[in-house]
Amino acid sequence: MNDNQYHQLVDDVLIRLEEALDDCEVDIDYESAEGILTLIFPNTTKIILNKQPPLHQIWVATKYNGHHFNLEGDKWIDQRTGAEFWSFIDEAASKQAGQPVKLS
């Protein structure tokens, strides 16, 4: 994957996530700027996603810990836990919101 492909793929993920947040039944605010997407929960906790271009990764920081996702085939996979990005983000958002959240 070259840099242009990486940026397009990550931008697609972030846009899809923003669209899911707009449709989400749980009131999760978000801010987006320069490759960083911050999810802000009603309890004021945050999940921060950002691009890591030198490594071609997506980094996600939750209230509990950080995760680095690599593209494997057509899925973003957490290099530490093996979790797929969309199932991970559903679980992490649900945990921080204190109620079920479906963003995938």
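Kindly provide the set of residues from region 20-36 that are of a type in the set (A, V, I, L, M, F, W, C) and outside any loop (DSSP other than H, G, I, E, B), ordered by number.
Going residue by residue through region 20-36, those that are of a type in the set (A, V, I, L, M, F, W, C) are 20-21, 24, 26, 28, 33, 36.
Selection gives Ala20, Leu21, Ala33, Ile36.
The number of residues in region 62-82 being without any contact (Cβ under 8 Å) to a residue 40 or more places away in the chain, open to solvent by less than 50 Å² (accessible area, probe 1.4 Å) and within 23 Å of Gln8 (Cβ to Cβ) comes to 5. Every condition in (1) loosely packed, with under 13 Cβ neighbours inside 10 Å; (2) at negative phi; (3) at pLDDT below 95; (4) not polar (S, T, N, Q) holds for Gly98 except the one numbered (2). Only one of the listed residues (Asp3, Asp11) is under 12 Å from the mean Cα position of the chain (by Cα) and over 28 Å from Gly98 (Cβ atoms). That residue is Asp11.
So which of Leu39, Leu17, Leu49 is in a helix (DSSP H, G or I), at pLDDT 95 or above, surrounded by 14 or more Cβ atoms within 10 Å (Cβ to Cβ) and out of contact with any Gly (no Cβ under 8 Å at 6 or more places or on another chain)? Before you say what the answer is, go through the steps one by one.
Numbers: Leu39 fails: in a helix (DSSP H, G or I); Leu49 fails: in a helix (DSSP H, G or I).
Checking each option against the conditions leaves just Leu17.
Of all residues in region 1-18, those that are of a type in the set (Asp, Glu) have Cβ atoms under 7 Å from Cβ atoms of residues that are in a helix (DSSP H, G or I) and exposed (fewer than 14 other Cβ atoms within 10 Å of the Cβ), 6 or more apart or on another chain, in Asp3/Pro53. The single condition among (1) out of contact with any Gly (no Cβ under 9 Å at 6 or more places or on another chain); (2) part of a strand (DSSP E or B); (3) closer than 18 Å to Asp11 by Cβ that Pro54 does not meet is (2).
For residues that are closer than 16 Å to Glu91 by Cβ and either assigned to a strand (DSSP E or B) or within 10 Å of the chain's Cα centre (by Cα) (or both), tally how many sit in region 59-77. Write out each step before concluding.
Pass one, region 59-77, residues closer than 16 Å to Glu91 by Cβ: 60-67, 69, 75-77.
Now narrow it down to the ones that are either assigned to a strand (DSSP E or B) or within 10 Å of the chain's Cα centre (by Cα) (or both): 60-62, 66-67, 69, 75-77.
Residues that pass the stated criteria total 9.
With the structure loaded, tell me whether Leu103 is touching a helix residue (DSSP H, G or I) at 6+ places or on another chain (Cβ under 6 Å) and touching a residue at least 12 places away in the same chain (Cβ under 8 Å) or whether it fails that test.
Details: touching a helix residue (DSSP H, G or I) at 6+ places or on another chain (Cβ under 6 Å): yes; touching a residue at least 12 places away in the same chain (Cβ under 8 Å): yes.
Here the answer is yes, as Leu103 does meet what is asked.
The values are calculated or read from the model by the stated rules, or taken from the named source; none is laboratory data. Quick caveat, the model's predicted, so the values are computed rather than measured. Glycine also receives a Cβ, built like all others from the backbone with ideal geometry; neighbour counts cover every protein chain displayed. These accessible areas exclude ligands, DNA and RNA; they are computed on the full protein's heavy atoms, side chains included. Shrake-Rupley method; radii C 1.70, N 1.55, O 1.52, S 1.80 Å.
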